[in-house]
1. Of Y119, Y128, Y98, Y89, which residue is in contact (Cβ under 8 Å) with a residue 12 or more places away in the chain, more than 14 Å from F175 (Cα to Cα) and of a type in the set (S, T, Y)?
2. Looking at F15, F10, which is the one that is modelled with pLDDT of 90 or more, closer than 14 Å to T146 by Cα and out of contact with any Ser or Thr (no Cβ under 9 Å at 6 or more places or on another chain)?
3. Would you pick out the residues in the stretch 96-114 that are under 21 Å from Y162 (Cα atoms) and among the aliphatic types (A, V, I, L, M)?
4. With the condition kept exactly as written, say whether any residue in the stretch 104-127 is farther than 19 Å from F11 by Cβ, surrounded by 15 or more Cβ atoms within 10 Å (Cβ to Cβ) and of a type in the set (K, R).
5. What single numbered condition from (1) modelled with pLDDT under 95; (2) exposed (fewer than 15 other Cβ atoms within 10 Å of the Cβ); (3) over 22 Å from A23 (Cβ atoms); (4) not basic (K, R) fails to hold for G192?
Amino acid sequence: MIKPGEKTRFFLINFLKGLVWLAVLVILFIVFRNYVNIDFEAWLGPLINNIFLMLGIYSLSELIFGIIPPELFMIWALRFGSIEQYIFYILIFTLISYLAGLLGFLFGSYLNKTVLFRYIRRRYLGKYHSLLQKFGVFLILVAALTPLPYSAISMLVGSLHYPIRKYMLWALSRFVRYAVYALIIWEAGLLG
């Protein structure tokens, strides 16, 4: 049984973790850009200059439970300079993330009886499975708006045969997170 206010506290704790991570990342970005004399362009040029490679890495990361924070890709998108291009890439990142979650949901829905799914759940998703049992589908919202692994939780929700339309509606909150984080990163990019 969930105590009154426990869902709110759980959400706020994870939301604050996300804001702290974002603040640290933005501060490091500003410090590196303004005070550290490293030519990242020369060092990482072949990687960061290849748009399709970057989008591929991002897509793979989102499919594999968000192993690379999406904020790093948002910072990468600043390099194009114009707000229009930045918004374009943020929309692409958001759609990729939303679709990666949907793929995870479908994987959980249709392959939940397989040995592979049981292995993934036991090896990587145990902690989140217990959170899902505790908080139910509210966890979709928390994962969409915080640093919890969105694709992993989507997979678990799918394994419970949650209605896909309801899932897709809850998952739209992912767009809110990306919009807010992208705005903060854009503003940080204007500093200095």
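1. Residue meeting the stated conditions: Y128.
2. Exactly one of F15, F10 is modelled with pLDDT of 90 or more, closer than 14 Å to T146 by Cα and out of contact with any Ser or Thr (no Cβ under 9 Å at 6 or more places or on another chain), namely F10.
3. Of the stretch 96-114, the ones under 21 Å from Y162 (Cα atoms) are 97-114.
Within the stretch 96-114, L99, A100, L102, L103, L106, L111 qualify.
4. So far as the stretch 104-127 goes, yes, one or more of its residues are farther than 19 Å from F11 by Cβ, surrounded by 15 or more Cβ atoms within 10 Å (Cβ to Cβ) and of a type in the set (K, R).
5. (3)
For every residue, the table says whether it meets (1) of a type in the set (S, T, N, Q); (2) at pLDDT 95 or above; (3) within 19 Å of the chain's Cα centre (by Cα).
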position	(1), (2), (3)
L53	no, no, yes
F80	no, no, no
I87	no, yes, yes
L95	no, yes, yes
L111	no, no, no
T114	yes, no, no
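The values are calculated or read from the model by the stated rules, or taken from the named source; none is laboratory data. Being a predicted model, the structure only gives us computed values, none of them experimental. Positions of Cβ are backbone-derived with ideal geometry, glycine not excepted, and every protein chain shown enters the neighbour counts.
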